[in-house]
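Structure, as structure tokens:
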2 protein chains.
Amino acid sequence: MLIECIPNFSEGRDARVIDAIAAAIRAVDGVTLLDVSADHDHNRAVMTFVGDAPAVEQAAFAGIATAAQHIDLTRHRGEHPRIGAADVVPFVPLRGATMADCVHLARRLGERVGAELGLPVYLYEEAATRPERRNLADVRRPRYEGLRQRIAHDPAWTPDYGAARLGKAGAVAIGARQPLIAFNVYLDTDDARIAQAIAETVRESGGGLPALKALGLRVAGQAQVSMNVIDFRRTGLNAIMRAVREEAAKHGVGVTHSELVGLIPRRALLSAALESLQLPPETHALILEERIGNMMGDFQEITFE
Amino acid sequence: MLIECIPNFSEGRDARVIDAIAAAIRAVDGVTLLDVSADHDHNRAVMTFVGDAPAVEQAAFAGIATAAQHIDLTRHRGEHPRIGAADVVPFVPLRGATMADCVHLARRLGERVGAELGLPVYLYEEAATRPERRNLADVRRPRYEGLRQRIAHDPAWTPDYGAARLGKAGAVAIGARQPLIAFNVYLDTDDARIAQAIAETVRESGGGLPALKALGLRVAGQAQVSMNVIDFRRTGLNAIMRAVREEAAKHGVGVTHSELVGLIPRRALLSAALESLQLPPETHALILEERIGNMMGDFQEITFE
């Protein structure tokens, strides 16, 4: 069984804090830390690790505890919306595990984080206990500062687990979901309002593309459309890129480059290639390495001289 | 050691002949037949199989012998240039093998085909013994009919192995090369001259894209630009598609769809995706399955529920 966990921490600048969290995760037996992506402007780090259910639960708990110890939300500044030190902790079934396994895991971890660390926990997406908490953007909307006003008095903000009060480490959103792709597109302007206007048009909540979330930001002096692709099988990267380019052209700007934050399922890139090359979906079956792997077992990649 | 062999046979219509050749290849121990693609208009079948050097040599010999027995070039009609029943037999190093291994294999097989089957053999590309035979298109230029006139009298056409006379089974081009991608793009016109004009502009020999060969044909009533991508690391599929679309637009036509013939190395599609999404080449390292495979060993693909 292989489950992926992709916690987002509200620290993208202090290497000592990022390293301490990574070390706590890596120290858990049976867990492999695949990736650490830290972003200075978002002031945020995204870690990716895999293992079986007990191992990823223990590693996620260790990461949350370490982040809560080192990160002070009352002093945190960054472009990205956030409610806590360990801001979001999603579980994703990769192989031999179901979504139900991940929902169970999210709730068990939430209970433990509430009880042992005293942090308020909100369950989201597939693990949500209330429909209005399915969407992570809704859970995070008040941000740390707004949540501090509401948590004790507004029943809509009573956490699923833990105390209804917000300390310096804030709250944690814990959930279960399908693989998500964090895809940022940079524009040849420094005007964040153009990125915001494009984001509002292309995202699902603005009547745009299904299963797409988007924000407009200014990062390193450049306007950025920062997107989460919730289900690339419903809306692929190629369609997203085309939509962003078209909207950008209406504002008289172009795309300079793009980036991923964290890792991407291979199929999302392969599907984008087939679409942009006008090859039929059956072409997936013509990939040499997959054909060899299916017929002969383990085969990762051709080695070129 | 894994070597790939991708023989092209001059029969794309008679299933009994195609099946007989495939069965002869499949019967060799240690060989896995990955793919059989037959095309009615080209009247041509492309088979892909892998194994170690002795196994692929034996299977290639069996395929050539079976094709020579069943296919009569004096009665063959098809859109594609050809010189023999087993028209082209290339070897490609996939893993644990070098190009030198494949050159050695091509020459050993050539000697055996000449001696045991009496067919004229021309060594091409990396296995060529003369610079003017490196390019397969040059070897195949006279086609079966023209080669029959020249082979006995013109020293330029003396084969590397076998008799200098052409029977009904024709000649065989045997070579060693890097993975090649056979990529066909269809236009929304039935005018093959437009496909020919586009092919002449985009291919390397016309001053177009490096490492690209192209022909213009009419296939199933539709104009087709039929291309061989010799080295996708020099010219990727995305650049080719863009060039074909631009040239097509100058003729007032568009691209309806495209297709691959045979198999494709996964990296060629991944690179096309990164280019069309304006993602940097380092993004290859962010593919989840490759990261897991590198860190934990065998991992082919995420399974989606």
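Where a number appears in this text, it was derived from the coordinates with a stated rule and is not lab data. Predicted, not measured: the structure shown is a model, and the values here were computed from it. Neighbour counts run over all protein chains shown; Cβ positions are idealised from the backbone, glycine included.
Put simply, the range B:181-289 fits an ellipsoid with semi-axes of 26, 14, 13 Å; these come from the alpha carbon gyration tensor as the roots of five times its eigenvalues, largest first. An ellipsoid equivalent to the range B:121-179, defined through the eigenvalues of its Cα gyration tensor, has semi-axes of 19, 11, 11 Å when rounded to whole angstrom and sorted largest first. When the helices of chain A are scored as -39500 (n - 2.57) per DSSP H run of n ≥ 4 and the total is divided over every residue, the value at 222 nm lands at -10000 deg cm²/dmol. Looking at the P(r) of the range A:100-152, how many percent of alpha-carbon pairs lie beyond 13 Å? Percentage above 13 Å: 63.
Only alpha carbons enter this Debye calculation for the range A:2-176, each as an equal point scatterer, and the log10 of I(q)/I(0) it gives at q = 0.11, 0.12, 0.18 Å⁻¹ is -0.39, -0.47, -1.11.
Computed over all pairs of different Cα atoms, the Kirkwood value for the hydrodynamic radius of the protein assembly as shown is 27.0 Å. Charge tally for residue B:22 (other residues, Cβ to Cβ under 12 Å; Lys, Arg +1; Asp, Glu -1): -1.
Computed over chain B with a Gaussian network model linking Cα atoms closer than 10 Å, the most mobile of B:256, B:48, B:201 is B:256. Here the residues B:225, B:88, ranked from fewest to most Cβ neighbours within 10 Å of their Cβ, fall in the order B:88, B:225.
D for the range A:34-136, whole µm²/s, Stokes-Einstein with Kirkwood Rh over alpha-carbon pairs at 20 °C and 1.002 mPa s: what number? Could the numbers behind the result be given before it?
Details: Rh = 14.7 Å.
Here the translational diffusion coefficient equals 146 µm²/s.
Exposure proxy shown here: for A:282, B:204, the number of other Cβ atoms within 10 Å sets the order, fewest to most, as A:282, B:204.
Counting beta carbons within 10 Å around each of A:87, B:35, A:138 and listing the fewest first gives the order A:138, B:35, A:87.
Residues in the range B:47-64 carry Karplus couplings, in order, of 10, 10, 9, 9, x, 7, 4, x, 5, 5, 4, 5, 5, 5, 4, 4, x, 5 Hz; the curve used is 6.51 cos²θ - 1.76 cosθ + 1.60 with θ = phi - 60°, and Gly or Pro positions show x. Reported to the nearest whole Å, the Cα centre-to-centre distance from the range A:224-296 to the range B:53-124 is 38. 3J(HN,Hα) along the range B:253-258, derived from phi through the Karplus expression 6.51 cos²θ - 1.76 cosθ + 1.60 where θ = phi - 60°, amounts to 10, x, 9, 8, 5, 9 Hz, with x in place of Gly and Pro. Amide hydrogen proximity for residue A:87: with H placed 1.01 Å from N in the peptide plane, the residues at 5 or more positions away or on another chain lying under 5 Å are A:8, A:9, A:10.
Each of B:55, B:219, B:129 was placed along the dipole of chain B (beta-carbon charges, centred on the mean Cα), and the one lying farthest toward the positive end is B:129. By the Kirkwood approach, averaging reciprocal distances over each pair of separate Cα atoms, chain A gets a hydrodynamic radius of 20.3 Å.
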